[in-house]
1. What single numbered condition from (1) touching an Asp or Glu at 6+ places or on another chain (Cβ under 6 Å); (2) of a type in the set (A, V, I, L, M, F, W, C); (3) over 19 Å from Ala100 (Cβ atoms) fails to hold for Ala66?
2. Would you check if Ser226 is surrounded by 15 or more Cβ atoms within 10 Å (Cβ to Cβ), over 15 Å from Ala253 (Cβ atoms) and of a type in the set (S, T, N, Q)?
3. Does region 58-101 hold any residues that are more than 18 Å from Lys120 (Cβ to Cβ) and either in a helix (DSSP H, G or I) or in contact with a strand residue (DSSP E or B) (Cβ under 8 Å, 6 or more places away or on another chain) (or both), and which are they?
4. Take the residues of region 462-490 that are small (Gly, Ala, Ser) and under 19 Å from Gln245 (Cβ atoms): which is surrounded by the most Cβ atoms within 10 Å (Cβ to Cβ)?
5. Any residue in region 273-300 that is aromatic (Phe, Trp, Tyr) sitting within a Cβ distance under 8 Å of a residue that is modelled with pLDDT of 70 or more and outside any helix (DSSP H, G or I)? List the pairs, counting only those 6 or more apart or interchain.
6. Kindly indicate whether Asn420 is over 25 Å from Asp361 (Cβ atoms), buried (at least 16 other Cβ atoms within 10 Å of the Cβ) and outside the structural domain of Gly366 (by TED's automatic domain parsing).
7. crowded, with 16+ Cβ neighbours inside 10 Å and basic (Lys, Arg): does that describe Lys426?
8. Is it the case, given these coordinates, that Thr169 is polar (S, T, N, Q), out of contact with any Pro (no Cβ under 9 Å at 6 or more places or on another chain), part of a helix (DSSP H, G or I) and buried (at least 17 other Cβ atoms within 10 Å of the Cβ)?
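The values are calculated or read from the model by the stated rules, or taken from the named source; none is laboratory data. Computed from a predicted structure; not experimentally measured. Here the Cβ positions follow ideal geometry from the backbone for every residue, glycine too, while neighbour counts run over all protein chains shown.
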Amino acid sequence: MATDLARQHPGFGPAFKLEGMIYEDSGDPANAYLAYATALKLSPTDNELRLKVGVFDLQRGKSDAAVAVLQQLVKSLPRDEEGLYYLAQAYHLAGDDKAALKTIRLATTAHPANVQNWQKYGELLCSSGDNEAALLWLKKAQIADPKLARINLDLAVASYNNMELTAATNYASSEVELRPDAIEALALLAAARIKLDQWKEAEEVLDRITQLGKQDASTLLELGQSQLELKQYQASIDTLQKALQLDPTLQLAHFYLSRDFNGLGQTDAARHEAALHRDMMQQIAFTLPKAEVQRETLLSEQARQLLSEQKEVEAVELFRHNLTGPVLTPGGPYVSVGSVYLEMGEPVDAERMLKHAIEVDPRARGAHTYLGILALQRGDFGKAEREFDAELAIDANHPLALAELGELRYRQGKWSEAVNYLVRSKTAIPQFLYMLCDSYFHLGNVAAANITAESLAAYAHNKPEMIASLRDLLLRKGQSDLAQRIAPTNQP
């Protein structure tokens, strides 16, 4: 047996390779991966093992690891058909669509008759936003092989993104005919139906999705909207409230609830939901998309690990190669490293790095804000205000600088100014919303305080300590009914 041979000869790579093949053939991917990974360590130039480990890394969601091992394969075999294909997919899943497109172009050039490469090229073009070119390659692939797996779904996605909604509906319907339980295709079909105002058809598809067990917040939100448009007001209310239980930050749910309550003639409830929707919409500008939040969190975690290992230069380079948008400036990487130092409780290193960012780039976004936060932590209100003002001189609408100025005024007991800055910041950060809520109470604006409290409860739904603080605040201010409704004592 290969397993016996591997145990008897722990340094013999081919034994582990054979063991991996046996595990893979028997349907045991976990042990197959372990065996292949061990074999690759013992035989690091074996390209067959590089492919095996790279593909398994992709299946395990380890896209960065897949990129590393597949790069070695393609470096050794520049025209390898499978290596190029899976490396392109690995780049895509790692968030580097530029490298993914470059790699799949190499694959299509090296193997011009490979229809799967055409499909993958179309898929990656779609992901990069070039939907017209994506449709050309995907249609070419479909004509060559109509039985390609998921080709109708890929065409539906590209058509939908290109606002060819009827085509998207047709392609998605074709995919569903082939795969009746394909959630992705059903979800796209429902989205296209909604954009076409085909509410009954959309409701039927969404009902089918929920019956398949997918009752996430976004699906329930779309179902609630469809029920609203069909004037099924109470059903819509029930559905939307379920959605809010799963994700209390769904601003649109409150807008739809307002319309539902109006439809039922419950005007007070309708006004309340409309006010809550308006208040939560205020925070949209300061709320990053979930994918961007996840990306920034991952970068910060990687940088934190590097800094804990005294690898500051590597941390700077990590941000230099991954920053995008307005923070992509010469000083941007140093600001990012400074902010991570600040999170790690290393104020001296944070200050050094932030000052260096300003030396490199006097207009580096965020540097003055984080220096102001440091000053605020040290109780130096004067320096904090100067730093925040310096940030606003660069960008008059910098959200974090405005929010931090709001915190400064809150700590100074200047309630009206605190409200002004916090509202202007459009913040959704719970700690700032708490200050805004309390400031409204100090100003006697109970209605605004209560609406802010509801927004705070939504954005802090997974922060029990903040919910407890909110409950205490509401009880102190005589809002016991509201406290029990949005911050009950039995909340975990």
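1. Checking Ala66 against (1) touching an Asp or Glu at 6+ places or on another chain (Cβ under 6 Å); (2) of a type in the set (A, V, I, L, M, F, W, C); (3) over 19 Å from Ala100 (Cβ atoms), the one that fails is (3).
2. no
3. Hits for region 58-101 are Asp64, Ala65, Ala68, Val69, Gln72, Lys75, Ser76.
4. Restricting to residues being small (Gly, Ala, Ser) and under 19 Å from Gln245 (Cβ atoms), the top hit is Ala487.
5. Cβ pairs passing all conditions: Phe286/Lys426; Phe286/Thr427; Phe286/Ala428; Phe286/Ile429.
6. Judged against the criteria, Asn420 is not a match.
7. So Lys426 fits the description; yes.
8. Considered against the rule, which asks whether it is polar (S, T, N, Q), out of contact with any Pro (no Cβ under 9 Å at 6 or more places or on another chain), part of a helix (DSSP H, G or I) and buried (at least 17 other Cβ atoms within 10 Å of the Cβ), Thr169 comes out as yes.
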